[in-house]
Amino acid sequence: MLPLQQFTDYIKKNALFTKQDKILLAVSGGKDSVLMVQLFKLANYNFSICHCNFNLRGDEAQRDETFVKLLANTLAVPFYVTRFDTNTYAANHQISTQMAARDLRYQWFEQIRQKGNYNYIALAHHQNDSIETLLLNLTRGTGISGMHGILPKREKLVRPLLFLSRKEIEALVNENNITFVEDSSNESTKYARNKIRLNVIPQLQDINPSLAQTFAQNIARFAETEEVLQQVIAQKRAEIVRESNAEIYFSINKIKGLKPQKLIFFELLKPYHFTNVVVNEILESLTKQSGTSFYSNTHRATINREDLMISILQKEQAFKIYFIHAKDESVLIEEQKILLSYADSNLVEDNKNKAFVDVDQLIFPLIVRYKQDGDKFMPLGMKHFKKLSDFFIANKVPLPQKAKIPLVINGNGEIIWVAGFRQDNRYKVRATTKKVAIFELLK
């Protein structure tokens with residue numbers, strides 16, 4: 001017998017959706033999503049089925065698509081399917097295959113939801129998925145928001161199976177003779193999540209056989225702790241943040257008075273997508289000169305006298321920005337790489353693919369990007385500025401190549417090095433230089 005009462009009680013308790021709502025079910029064909037379909041049918045909810053074929057497993061992927069299509073036809077519910085070139089997307093966006101598949105499916109789910117006027121998208125995550133997410137977040141580093149695992153409801157996404165463990169789902173599928181398909185990649189330790197599921201969790205279950213239930217209770221407490229923290233953050237935001245036009249201003253004096261400073265400041269900056277490393281660098285630089293800037297993929301944070309000013313990067317500015325932190329040894333820029341090393345002597349070498357810079361003049365994190373309108377710098381050996389566009393013309397740089405030349409930018413926004421061509425005279429090694437940063441371009 002299927003746990004219909006538990007299912008509907010969980011939906012009501014967490015206010016996931018109502019009988020009147022129209023729900024789009026994301027179905028892979030595995031045991032979790034097929035059980036979800038059967039419960040939706042038994043509860044007589046209004047639902048449709050969608051399926052993504054990522055073209056990553058050859059005939060097996062086509063088998064899954066055919067299975068889910070037949071399931072939808074058998075239940076006489078609407079069916080949507082799409083096919084992705086996942087590997088090409090991953091390569092173009094320089095992300096992992098798993099991240100590419102995640103981006104592609106959620107973008108498509110939302111497109112179908114809007115076109116079909118669905119109220120919510122239902123995903124078949126269960127308690128063990130939430131444990132895996134928590135452990136993965138802890139392994140990679142996380143704040144309090146990474147401790148609550150997978151939430152039952154987040155905007156238009158609902159997860160009505162979080163009341164069940166993987167073991168319970170397997171038992172229900174077997175007892176009720178529910179047909180499903182098995183994804184062979186689930187047994188591969190190629191992916192970090194699979195390593196945790198296959199290697200780490202079994203060891204923890206040996207210590208605590210009731211691991212799923214224990215983690216469910218822990219996750220609930222973490223979620224409540226986050227609610228308390230967000231109340232504090234909302235209060236602090238009202239105290240130290242003001243908005244003017246399109247910019248957001250944080251009082252530097254009030255930032256200095258925050259306790260605990262790193263935790264609260266990280267949470268205040270979270271909507272602007274700054275990493276923990278960059279947040280720490282901002283805190284260490286609050287007394288630096290006006291104009292010192294720090295970047296996320298979407299925003300710029302600039303020291304502006306008595307304030308930290310947050311502004312949105314324009315589309316052309318947000319495109320292809322890379323970061324170099326003081327402890328980094330290299331940064332990969334598409335098919336090129338910039339290496340960073342240090343030397344104590346006043347080393348200088350006549351090599352256009354290297355730049356030798358006075359470390360004391362660097363403001364980390366450095367930015368690596370491509371040219372933008374209005375760029376200018378002071379070429380080595382010169383005492384006046386030259387527009388980058390004019391420099392390229394003088395050096396007869398072909399038009400297609402101009403857009404592929406990396407620029408190393410200091411934290412104050414000044415060009416340090418036109419990689420492969422010329423460094424800026426302001427950052428050259430002098431007799432008084434104590435330490436040299438060596439940048440090298442590899443193609």
TODO: Relative to the compact-globule scaling 2.2 N^0.38 Å, provide the ratio for the alpha-carbon radius of gyration of the range 18-63.
DONE: 1.34
- [ ] Express the carbon and sulfur contribution to the solvent-accessible surface of the chain as a percent, rounded to the nearest whole number, probe 1.4 angstrom.
- [x] 49 percent
TODO: For the range 87-166, would you read off the P(r) tail past 20 Å as a percentage of all alpha carbon pairs?
DONE: 48 percent
Task: the range 397-443, accessible area per residue, ligands and nucleic acids excluded (1.4 Å, Å²) - done: 42 Å²
Task: Nonlocal amide H pairs with ILE324, under 5 Å, H built at 1.01 Å - done: LEU366, ILE367, VAL368
TODO: Over the alpha-carbon set of the range 398-443, work out the extent along each principal axis and list the three values in angstrom, largest first.
DONE: 40, 23, 15
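Using the alpha carbons of the range 342-443, what is the convex hull volume per residue in cubic angstrom, as a whole number?
Working: hull volume 10.7 nm³, N = 102.
Spread over its residues, the Cα hull of the range 342-443 gives 105 Å³ apiece.
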Open item on the list: If you fit an axis through the alpha-carbon atoms of helix 211-240 and take the longest principal axis of the Cα set of the chain, what angle between them do you get, 0 to 90°, nearest 10?
Closed with: 40 degrees
Task: LYS115 versus GLU306: modelled label distance in nm, points set 7 Å from Cα along the beta carbon direction - done: 5.4 nm
Task: Share, in percent, of DSSP beta bridges within the chain that are antiparallel, nearest 5 - done: 75 percent
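Calculated from DSSP H runs of 4 or more alone, at -39500 (n - 2.57) each and per residue, what is the 222 nm mean residue ellipticity of the chain, nearest 500?
Helix contribution divided over all residues of the chain: -11500 deg cm²/dmol.
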- [ ] For the chain, find the longest principal axis of its Cα atoms and tell me its angle to the long axis of helix 4-13, 0 to 90°, nearest 10.
- [x] 40 degrees
Open item on the list: Using amide H atoms built in the peptide plane, which far-off residues or other-chain residues are under 5 Å from ASP307 H to H?
Closed with: ILE252
TODO: Can you pull a Stokes-Einstein diffusion coefficient for the chain at 25 °C (0.890 mPa s), Rh from Kirkwood over Cα pairs, as a whole number of µm²/s?
DONE: 96 µm²/s
- [ ] Multiply the residue gap between GLN5 and ALA43 by 0.36 nm, knock off their C-alpha separation, and tell me the result in nm, one decimal place.
- [x] 12.8 nm
Open item on the list: Considering only C-alpha atoms, what is the centroid distance from the range 212-269 to the range 333-400, in Å?
Closed with: 38 Å
Task: Folded to 0 to 90 degrees: helix 166-175 orientation relative to the chain principal axis, Cα - done: 30 degrees
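The values are calculated or read from the model by the stated rules, or taken from the named source; none is laboratory data. All of these numbers come straight from a predicted model, not from anything done at the bench. For neighbour counting, all protein chains shown are included, and Cβ atoms are generated from backbone atoms with ideal geometry for every residue, glycine included. In case anyone asks, the SASA skips ligands and DNA or RNA and just uses the protein heavy atoms, side chains included. Shrake-Rupley method; radii C 1.70, N 1.55, O 1.52, S 1.80 Å.
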